[in-house]
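The values are calculated or read from the model by the stated rules, or taken from the named source; none is laboratory data. Computed from a predicted structure; not experimentally measured. Here the Cβ positions follow ideal geometry from the backbone for every residue, glycine too, while neighbour counts run over all protein chains shown. Calculation scope for accessible area: heavy atoms of the full protein, side chains included, ligands and nucleic acids excluded. Shrake-Rupley method; radii C 1.70, N 1.55, O 1.52, S 1.80 Å.
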Amino acid sequence: GPRIEEGKAKIAEVKDVVSAVIRKLAVAKDLVGKRVLVTAGPTLEYIDPIRIITNKSSGKMGVAIAEEAMLRGAEVTLIYGSGTVSPPLGVRVINVETTEDMYNAVMAELKSSKYDVMMAAGAAADFAPERPIKHKVPTRTTPELFLKLKSTPKIIDIVKKVSPSTFLAAFKAEYGLSDKELIKSAHHRLKSANADLVVANDVSRNAVGFKVDTNEVFIVDKDGSVVHIPLTTKREVAKKLLDIIVKKLSYN
């Protein structure tokens, strides 16, 4: 029968180790010399100095994207709302609270530096109280509180106007749509923002979107091609998204 060698661990060939390392380095450094702007996390709007309107975004997707871009060698600025995860080390962070803060920070960055890519993963609050109340509203004497909300400025709509050469990846969260409707919604967003691609997800789906570590997205681009990334970690979604963006940057 076959000769059995005792206690011989299978050690990888040197050439295999070398090629694995090279592959890793090659994959990792395809954004060297590129400047990348990422928005992440929710914004909040004040009802009074204590109470806010916000959404359930954790910032995990945007932070994963910022980290992935940094590992690939990009110079990354993260404009970060009130997310629950720590921003990655090695990334320049601008902390913001309200949608207007985020809007102004994006404007300032796009005007002051040339960004190759912007990934707008931030979940900006779409509505804000028309007139925030300057003092804490006392609950005992205020059995009912009527708020009039106004829509906040759309960050995504200014990017191409301020910086036409920036590659823009917009994000669209929907609720309770079919795949077909989700893709259609992404197309609308693509056109209205003049974006280069749109990453759409449906946060009503199990383990997708807010607060969780996983996501399922559809990536729609200008040519009308659709890439579906089935449920996986946000880390993996970030990698696949950046693979797509890197390819598109090298075509341009």
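I'd like the full set of residues that are among the hydroxyl-bearing types (Ser, Thr, Tyr) and touching a residue at least 12 places away in the same chain (Cβ under 8 Å), limited to segment 87-126.
Thr98, Thr99, Tyr103, Ser113, Tyr115
Among the residues in segment 64-80, are any modelled with pLDDT of 95 or more, among the small types (Gly, Ala, Ser) and closer than 20 Å to Lys154 by Cβ?
No, every residue in segment 64-80 fails to be modelled with pLDDT of 95 or more, among the small types (Gly, Ala, Ser) and closer than 20 Å to Lys154 by Cβ.
Which of the residues spanning segment 85-99 are modelled with pLDDT of 95 or more and of a type in the set (S, T, N, Q)?
Within segment 85-99, Asn95, Thr98, Thr99 qualify.
Being open to solvent by 70 Å² or more (accessible area, probe 1.4 Å), modelled with pLDDT of 70 or more and either in contact with a helix residue (DSSP H, G or I) (Cβ under 7 Å, 6 or more places away or on another chain) or not acidic (Asp, Glu) (or both) narrows it down to one of Ile11, Ile22, so name that one.
Answer to the selection: Ile11.
Considering only residues that are modelled with pLDDT under 95 and under 21 Å from Leu71 (Cβ atoms), look in segment 26-57 and name the one that is surrounded by the most Cβ atoms within 10 Å (Cβ to Cβ).
Looking at residues that are modelled with pLDDT under 95 and under 21 Å from Leu71 (Cβ atoms), I get Leu31.
Could you list all residues from segment 71-118 that are closer than 23 Å to Leu249 by Cα and among the hydroxyl-bearing types (Ser, Thr, Tyr)?
Residues satisfying the conditions are Thr77, Ser112, Ser113, Tyr115.
Pick out, from segment 171-242, the strands (runs of 3 or more DSSP E) lying fully within it that include 3 or more residues that are hydrophobic (A, V, I, L, M, F, W, C), open to solvent by 50 Å² or more (accessible area, probe 1.4 Å) and without any contact (Cβ under 8 Å) to a residue 60 or more places away in the chain.
Strands (runs of 3 or more DSSP E) meeting the threshold: 226-233.
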